[in-house]
């Protein structure tokens with residue numbers, strides 16, 4: 001009963017007097033998108049580009065879908081220029097040797113498809129398909145359709161990777177501009193449209209105008225049908241503007257692995273040490289760095305901030321802190337260079353053993369504890385003595401088999417130490433070197449620099465003069481810029497100050513081989529530009545200034561962002577800065593021409609569309625005037641115009 005009802009509805013479309021049933025045959029080469037185009041109209045099917053390109057299996061959409069599927073039948077009905085129609089789409093194989101005479105039989109319109117990414121398919125339109133159509137149905141109107149429009153602006157490398165392995169790759173030279181389709185359509189005397197299933201563009205244009213062409217052809221044969229008088233000739237198609245390319249996102253790389261470098265290696269090889277611990281009555285010497293100990297332990301901070309310059313023999317007896325026998329300043333031979341150096345010498349309580357004490361110091365450097373040690377109780381005792389309470393708690397967790405709780409303690413340790421290191425940078429506490437800059441001086445800490453920057457480590461640990469002098473000149477660098485570098489090296493963060501110039505910081509970060517700082521500065525520069533743009537400030541000039549500097553100093557993400565901004569605002573920037581654009585490198589100019597948005601082909605197509613539209617309006621105006629004159633001549637009395645023949 002359901003099938004009979006469907007069949008009745010189908011017959012009803014053919015038999016109702018004011019419903020025009022249109023047979024539309026779709027032809028073209030294999031893999032140009034015929035079946036996808038039909039499914040988009042008949043079934044409202046949508047697919048992504050990668051779904052379309054992953055595989056291609058030659059298929060034909062079955063015409064009996066109108067009989068077995070109610071939804072397809074409902075979607076076939078439409079109203080075009082106040083005429084009710086039922087559009088029946090006939091799919092065909094693209095093989096040239098197939099016999100399609102049955103499909104062409106009694107067709108009302110033929111949609112001839114080719115791929116905009118396959119020049120051969122357009123060549124076959126002229127040499128094979130058009131002659132075949134004219135042979136089997138010479139009076140049937142034809143619509144030329146360029147499919148796969150989205151490939152004109154797609155990333156062809158990504159598209160080729162998504163296609164099946166043995167598929168022929170699509171080359172940029174394969175992509176056909178709109179004028180190629182218009183040339184063939186003009187030569188053949190047929191309308192031309194472009195479609196994209198991915199972008200959902202042009203599907204309605206194609207089939208609505210195919211219906212118009214069919215109805216106009218039918219009106220010539222069935223002139224008594226008054227409802228066909230309002231049918232217009234096929235419309236012009238407005239050009240498709242590709243979507244604006246999204247802004248590139250500046251990514252921040254993860255911190256590089258230490259690879260044996262960092263605070264731990266600095267503790268094992270105490271380069272630039274400034275404190276010496278005397279253990280077990282002078283039999284054991286342990287070198288360390290004030291800045292690491294003082295920023296990790298309040299007791300060491302109090303110890304190292306004691307004023308020892310005016311105290312003869314240092315601090316001893318009752319004035320000494322608990323756990324320390326004496327504290328004084330002495331000239332000590334540097335363990336790495338052998339040069340005499342002024343250090344703080346601390347004599348420890350005789351009960352403190354070397355290995356547990358080193359474990360405590362290593363924790364103060366790295367925030368980590370070797371949980372497999374056999375002397376954890378001694379480590380806890382020394383931690384209690386030095387008031388390193390978080391280490392004592394970690395040992396207790398290990399002994400209680402609750403080591404999982406130590407992760408939170410370690411995180412809190414690093415946050416607390418980062419804040420204290422930043423405070424030391426601002427105040428210059430425990431500084432052992434001063435950088436001479438263009439607009440002032442900035443104190444710094446060699447141990448922190450050596451453990452976080454290979455460039456600084458090479459300068460301070462090698463045979464360079466900077467390794468033993470107290471003031472190091474850094475030319476062409478401002479205080480704000482150097483402070484940003486030091487904060488990054490100390491804390492791994494970038495907190496831009498008001499006077500910080502992003503490009504200057506990128507230049508310095510590139511000199512110091514700090515790719516992560518470059519990325520952070522690129523992100524800051526982009527955020528700053530976007531904030532200015534939101535406020536209505538013209539940033540085009542600044543972007544032009546950034547571009548080639550960013551390319552020269554390895555700021556690749558910033559240069560990509562600048563290229564994107566220039567490409568997506570190409571016309572306005574060319575008008576405002578013609579000399580700067582002409583002075584760009586040939587590589588950049590080539591990139592602009594290739595990636596500019598709107599693309600050149602769209603601008604040409606838009607210009608052609610506007611000219612064609614004006615020309616059509618003039619033609620319609622002339623026809624309207626001629627129709628008006630004919631009307632007046634028909635109704636005017638013959639005696640009133642004796643001279644009109």
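Values in this text are rule-based calculations from the coordinates and carry no lab data. As the structure is a prediction and not an experimental result, all values here were calculated from the model. Cβ atoms come from the backbone with ideal geometry, glycine included; neighbour counts cover every protein chain shown.
Our analysis of region 327-475 gives Rg over Rh at 1.03, with the two radii drawn from alpha carbon positions and Rh computed by the Kirkwood formula. Full extension of the chain between residue 342 and residue 252 yields a length gain of 28.3 nm, computed as 0.36 nm times the residue separation minus the alpha carbon distance. Once you sort the root eigenvalues of the Cα gyration tensor of region 100-256 as a ≥ b ≥ c, which label holds: rounded (a/c under 1.5), prolate (a/b larger than b/c) or oblate (the other case)? It comes out prolate by the Cα gyration axes.
As a calculated quantity, the FRET efficiency between residue 269 and residue 400 at R0 = 30 Å, using C-beta atoms, amounts to about 0.30.
The calculated FRET efficiency for residue 411 paired with residue 587, based on their beta-carbon distance and R0 = 41 Å, is about 0.35. Between residue 540 and residue 326, the simple label model (points 7 Å from Cα in the Cβ direction) yields a spacing of 7.6 nm.
For the chain, the Cα-based Rg and Dmax, in that order, read 40.5, 141 Å. Sort out for me the Cα centre separation of region 422-472 from region 124-191, rounded to whole Å. One Cα centre to the other: 66 Å. Calculated mean residue ellipticity, 222 nm, the chain: -14500 deg cm²/dmol, from DSSP H runs (n ≥ 4) at -39500 (n - 2.57) each, averaged per residue and rounded to 500.
Considering only DSSP beta bridges with both partners in the chain, what is the antiparallel share in %, to the nearest 5? Around 50 percent antiparallel, to the nearest 5. The P(r) of region 432-595 has a tail past 30 Å containing 27 percent of all C-alpha pairs. Taken along the Cα-to-beta-carbon direction at a fixed 7 Å, the label points for residue 46 and residue 528 span 4.1 nm.
When a/c reaches 1.5 or more, the comparison of a/b and b/c decides; with that in mind, is region 424-512 rounded, prolate or oblate per its Cα gyration tensor? Rounded shape, in that the Cα axes give a/c under 1.5. Multiplying the residue separation of residue 393 and residue 426 by 0.36 nm and removing their Cα-Cα distance gives an extension gain of 8.8 nm. Computed from label points 7 Å out along Cα-Cβ, the spacing between residue 298 and residue 548 is 5.8 nm. The angle between the Cα long axis of helix 389-399 and the main principal axis of the chain comes to about 80°, on a 0 to 90 degree scale. Were the residues from residue 96 through residue 615 laid out at 0.36 nm apart, the gain over their Cα-Cα distance would be 183.0 nm. If you plug the beta carbon distance of residue 607 and residue 156 into 1/(1 + (r/R0)^6) with R0 = 30 Å, you get a FRET efficiency near 0.70.
Region 544-605 and region 205-240 have Cα centres lying 45 Å from one another. A simple packing score, the average count of other Cβ atoms within 10 Å per residue, orders the peptides 126-135, 19-28, 475-484 as 19-28, 475-484, 126-135, with the highest score first.
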